[in-house]
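Notes follow the structure.
Every number in this text was worked out from the coordinates using simple rules, so none of it is lab data. None of the values given here were measured: they were computed from a predicted structure. Cβ sites come from the backbone with ideal geometry, for glycine too, and all protein chains shown count toward neighbours.
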Amino acid sequence: MTAQLIDGKLIAQQVRDEVAATVAKRTAAGKMKPTLATVLIGDRPDSAAYVASKGKACQELGMGSISEHLPANATQEEAEALVKRLNADKTVSGILVQLPMPSHLDEERVLSLINIEKDVDGFSPLNIGRLAQKGREPLFVPCTPYGCIYLLEKSGVKIEGANAVVLGRSNIVGLPAALLLIGKNATVTVCHSRTKDLAATVRQADIIIAAIGKTEMVRGDWIKPGAAVIDVGINAVPDATKKSGQRLVGDVNFAEAKEVAGFITPVPGGVGPMTIAMLMKNTLCAAEIQDP
Ligand code: GUN
């Protein structure tokens, strides 16, 4: 193995410890307790598991958490009324509406209603617009891309001037990751399902952020020697040796990539733990904005 392993679990724990220490100081000073309200609409088991782990993290860090659940057949009006109620609730610092929502709902409209000071996911058009524009600052950066950049910076990877290739252009990861990298003066290429000669494009990259949701698609011979590889993928593959009958792998073929890359995140234990850590950081930041 030539690559240095980027230990997301360890770095996420450091972020969580810092957040918990600041939360304790704020609470002792009688300031607003950082409190996250999660909104789950419908019954997707993966979404239910994600919101449960976000609530658990709040408790572990001394923060408050409120979990709201609407049925899969909730109306647009019900979803909007809930966001408006949480906007008005002075005990709520941050609001997170778990995505995807059921397809009959207008996601853009629901997200656009979240008060920008409570938009801890950074998905409101106002926050994304500020992230996209030069000289403007979002109040909150979307948690997974924020975690990716944090891992690169903590590992000492130079972003300025680097050729960065982002695989995937989703609203949740690929697009905001590309915007963040541009903001840090990387030269950024965003690849997607219509990109011609993906392998040749990825081979130019000093930094690769893989967020395409395709099991081990990025092969070792796609990677420039010494490149930093951040693997956002979480894909389940059958594994008879595991009790659950499956194991998780990324969008990058780790066994091949670790022999070529300079830095690499494992799956699990890389980007995954960072998402919740950055959400906790954003929720603390929301409380600091609302009650400095
Ligand atoms: N679904 C998958 N990732 C995320 C995330 O970071 N935030 C929200 N709200 N939904 C998601």
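Could you list, in sequence order, the residues of the stretch 149-200 that are out of contact with any helix residue (DSSP H, G or I) (no Cβ under 7 Å at 6 or more places or on another chain), hydroxyl-bearing (S, T, Y) and over 19 Å from M278 (Cα atoms)?
Listed by number, the residues that qualify are T187, S193.
Applying the selection to the stretch 149-200, what residues are hydrophobic (A, V, I, L, M, F, W, C), part of a helix (DSSP H, G or I) and in contact with a strand residue (DSSP E or B) (Cβ under 7 Å, 6 or more places away or on another chain)?
Keep residues of the stretch 149-200 that are hydrophobic (A, V, I, L, M, F, W, C), which gives 149, 151-152, 157, 159, 162, 164-167, 172-173, 175, 177-182, 186, 188, 190-191, 198-200.
If we keep only those that are part of a helix (DSSP H, G or I) too, we end up with 149, 151-152, 175, 177-182, 198-200.
Listed by number, the residues that qualify are L151, L152, A177, A178, L181, I182, L198.
Could you list, in sequence order, the residues of the stretch 110-148 that are of a type in the set (K, R) and either in a loop (DSSP other than H, G, I, E, B) or in contact with a helix residue (DSSP H, G or I) (Cβ under 7 Å, 6 or more places away or on another chain) (or both)? Walk me through how you get there before you give the answer.
Looking only at the stretch 110-148, we keep the residues that are of a type in the set (K, R), and these are 118, 130, 134, 136.
Matches in the stretch 110-148: K118, K134, R136.
Report, by residue number, each residue of the stretch 256-283 that is over 16 Å from the mean Cα position of the chain (by Cα) and over 16 Å from Q4 (Cβ atoms).
If the condition is that a residue be over 16 Å from the mean Cα position of the chain (by Cα) and over 16 Å from Q4 (Cβ atoms), then E256 is the only one that fits.
Within the stretch 214-262, considering only strands (runs of 3 or more DSSP E) that don't extend past its boundaries, which have at least 3 residues that are of a type in the set (A, V, I, L, M)? Talk me through it step by step, then tell me what you get.
Numbers: elements: 228-231, 235-238, 246-249.
Answer list for the stretch 214-262: 228-231.
Find all pairs meeting these conditions: Cβ atoms under 9 angstrom apart; at least six residues apart or on different chains; first residue within the stretch 36-62 and without any contact (Cβ under 8 Å) to a residue 40 or more places away in the chain and of a type in the set (D, E); second residue assigned to a loop (DSSP other than H, G, I, E, B) and away from the ligand (no atom under 12 Å from the Cβ).
That search, which allows pairs on different chains as well, returns D43/P71; D43/A72.
What is the residue count in the stretch 120-145 for residues that are surrounded by 23 or more Cβ atoms within 10 Å (Cβ to Cβ), more than 10 Å from the ligand (Cβ to nearest atom) and touching a residue at least 40 places away in the same chain (Cβ under 8 Å)?
The number of residues fulfilling the criteria is 2.
For A74, work out the one condition from (1) part of a loop (DSSP other than H, G, I, E, B); (2) touching a residue at least 40 places away in the same chain (Cβ under 8 Å) it doesn't fulfil.
It is condition (2) that A74 fails.
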